[in-house]
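Data first, discussion second: the structure below is written as C-alpha cells.
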Amino acid sequence: MLHTGRFHFSMFLRAVLCCVLLAATLFTFAQDPTSISYKVKSYRENGIYGPRDSKVAYIIKLKNNINDNQKGDIKVNVVNDLGISVYNEDEPIFIKPESIYDKEISIDVAKLPSGFYTIYFYITTNHYSQTIYYVFAVEPDKIKPTGVRPLDFTTFWDNARNELTNINPSYKVTRRGDISTITNDIYSIEFQSIGNVAIRGWLSVPKRHKKNPVLYTLPDYATTASPESRTDMAVFTLDARGFGNSADMGKLDYGSYLTKDLYSRDKYIYREEYMDCIRGIDFICKNTDLNLDATRIIVTGIGQGASLAAIVAAFDNRVKGVILDRPTLMDMRTMFAIGEVKNPVPWPIGELKSYCNANRMGLDNFFKTWDYFDPLSFAPMIKCPILVGISLKSSTSPPQCAYNFYNQVLSSKREIYSCADNETGIDASFYIFENNWIKETLRLPF
C-alpha cells in the first residue's frame, strides 16, 4: 500500500503517515477454525516491484486448527495480462495439529518482463480447499501504452471549445438556507453548456473571512451529485448531463449513457460532457465573489469522474492539481485486450461490443472514435501536480490502464498510490494520503 513517484511530503509528515499505514496494513490469520487459517505477505506491500528487486516473493503461513494431521499441496500459478501462465510451482504440505506451515514462494524478477501479473495459490489438504490470488507489477513504469492519438485531435477539440465559448453560460447561483449549516453556505448552481443544456451542481463554501481554495469534484458513471462540505475548502460537485439535476434533456440510465450517439464523434455524449466539465472551471473563475480562490483549484473524481478530472486538467492550466481515484474508461484498447480473457468479462466491454454488433460499427471503428475521447490521448497535456490512486485487483479500473496513462503524464510532480489487496474499492489509507497531498499542493495548513 505504499506509493511511488517524485512528489514528496516533509519527513515529519511522511513518518506520521507511515505509522498510520503500518497500523492499517497489519494482517492476521484469515480464520477458518474448522480446518486451516492462513496469512499471506508480499515482499512489496503495494505489489509494485522495481529494478532493485531481485525477486517477487510471497510468504504463506498456514495454521492447522484441528486435531488431525493435514497433508496436501500448494499449487502456484502466475499468469500475465493475457491469461498466459508464465510460472508454476507445486509444493507438498504436511501440518501437524496446532502447527504452522511457513513457506516463501519466490520468482526471479529477471524472468518476468515489465507488466502486471496475477499469482494464484491453490491450497488443498485432506480437510481444506482454498484459492487465493494477488496481483503484482514488475517495473510498470516501463510499459508502453497502446493508445493512438488521431492526427486531427487538436483541431477536433479546438472546435468543441470554440462551440462552448459561443454559448452564454447564464450562471445561476441560489443560496439554499434550508440545507446550509453553521460552518458552510450551500448553493445550487446552474449554467448552460453545449446544446444549451442546463448543467447543475452544488457548491459548499466555508463561512470565513478569506478566499477558499476549491475542490472541484466530477461525477462517477451514472451517479447523482449531492452537497459535500469541508471547513478548509469550498467543494463544487457536478451532475453529468442526463443525470440528477442535469436531466432536462431527458434522463439517461446506466445502460444508455456510454453509447449515446456513439456513431458520431461530433455528437457523442462525451464530447458534450467534457465541455460541461470545462464550463465548471469557468464558473469557479467567474464567481470569486462567492469567496472562492480561483488560483487554487484541485479537480478530482472517482471512476468516470477521475477520467473527467484528467480531461479538465489537460485542457485547463487554471487547475493547480488533479487527483484520479481508480479511473475508468481509460486506455480502452488495453482494457479490451486484458478484459476479454477474464471471466466474467468486466464492464464496459460487453456493453460496447453489443452496441457495435447492433449498429454494425465494428470494434476498429469504435476504437478510432474512442481515441478522440480516451484520457490516454490527453495525458501528455497534463502539466500540473497529479495523484493517481489504483487498486491492483480492480477489473473495471485496471491498474495497467492507469499506469499506461500515468507514464505519459509530463508533470514534474506526480505520484501514484497502489493498494494491493482491495477488489471493490481502495484502502482508507489512500484518503489520508490524498488529504495531505491536497494540503501540500495548495500549501494549506496541516
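The values are calculated or read from the model by the stated rules, or taken from the named source; none is laboratory data. The shown structure was predicted, so the numbers you read here are calculated from the model rather than taken from an experiment. Ideal geometry is used to build each Cβ from the backbone, glycine not excepted, and the neighbour counts take in all protein chains shown.
Scanning the stretch 61-111 for residues that are outside any strand (DSSP E or B) and among the acidic types (Asp, Glu) returns 68, 81, 98. For the stretch 319-333, state whether one or more residues are of a type in the set (Ser, Thr, Tyr), modelled with pLDDT of 95 or more and buried (at least 23 other Cβ atoms within 10 Å of the Cβ). There is at least one residue in the stretch 319-333 that is of a type in the set (Ser, Thr, Tyr), modelled with pLDDT of 95 or more and buried (at least 23 other Cβ atoms within 10 Å of the Cβ).
Of the residues making up the stretch 45-60, those that are surrounded by fewer than 18 Cβ atoms within 10 Å (Cβ to Cβ) and in a loop (DSSP other than H, G, I, E, B) number 6.
Listed by first and then second residue, the pairs with beta-carbon distance under 7 Å, at least 6 apart or on different chains, first residue in the stretch 113-129 and within 16 Å of residue 86 (Cβ to Cβ), second among the hydrophobic types (A, V, I, L, M, F, W, C) and in a loop (DSSP other than H, G, I, E, B), are 114/143; 115/143.
Of all residues in the stretch 223-254, exactly one satisfies the criterion of being under 21 Å from the mean Cα position of the chain (by Cα) and over 17 Å from residue 202 (Cα atoms), namely 254.
The listed residues are 85, 37, and the only one of them that is of a type in the set (Gly, Ala, Ser) and at pLDDT 95 or above turns out to be 85. Close Cβ contacts (under 7 Å, 6 or more residues apart or on different chains) running from residues in the stretch 213-229 that are at positive phi to residues that are not in a loop (DSSP other than H, G, I, E, B) comprise 222/254; 222/257.
Applying a threshold of 6 Å to beta carbon distances and a minimum spacing of six or more residues, or different chains, the list of pairs starting in the stretch 427-446 at a residue that is touching a residue at least 12 places away in the same chain (Cβ under 8 Å) and ending at one that is buried (at least 18 other Cβ atoms within 10 Å of the Cβ) and assigned to a helix (DSSP H, G or I) reads 429/21. Counting the residues of the stretch 421-446 that are assigned to a loop (DSSP other than H, G, I, E, B) and over 30 Å from residue 119 (Cα atoms) gives 4.
Whether a residue is in the same structural domain as residue 366 (by TED's automatic domain parsing) and within 30 Å of residue 361 (Cβ to Cβ) was assessed, and residue 219 passes this test. Pairs are defined by a Cβ separation below 8 Å, a sequence spacing of at least 6 or placement on different chains, a first member in the stretch 307-324 that is closer than 13 Å to residue 214 by Cβ, and a second member that is buried (at least 21 other Cβ atoms within 10 Å of the Cβ) and at pLDDT below 95; no pair meets this definition.
Filter the stretch 97-139 down to the residues that are of a type in the set (Gly, Ala, Ser) and over 16 Å from residue 75 (Cα atoms) and list them by number.
Once the filter is applied, which keeps residues that are of a type in the set (Gly, Ala, Ser) and over 16 Å from residue 75 (Cα atoms), the stretch 97-139 yields 99, 110, 114, 115, 137.
Residues that are in the same structural domain as residue 312 (by TED's automatic domain parsing) and farther than 30 Å from residue 153 by Cβ are absent from the stretch 372-390.
Is at least one residue of the stretch 186-199 modelled with pLDDT under 95 and within 22 Å of residue 251 (Cα to Cα)? Looking through the stretch 186-199, at least one residue is modelled with pLDDT under 95 and within 22 Å of residue 251 (Cα to Cα). Can you tell me which residue within the stretch 236-295, out of those that are among the charged types (D, E, K, R) and assigned to a helix (DSSP H, G or I), is farthest from residue 358 (Cα to Cα)? Across the stretch 236-295, the extreme among qualifying residues is 289. For residue 91, the stated conditions do not hold, so it cannot be described as touching a residue at least 12 places away in the same chain (Cβ under 8 Å) and outside the structural domain of residue 46 (by TED's automatic domain parsing).
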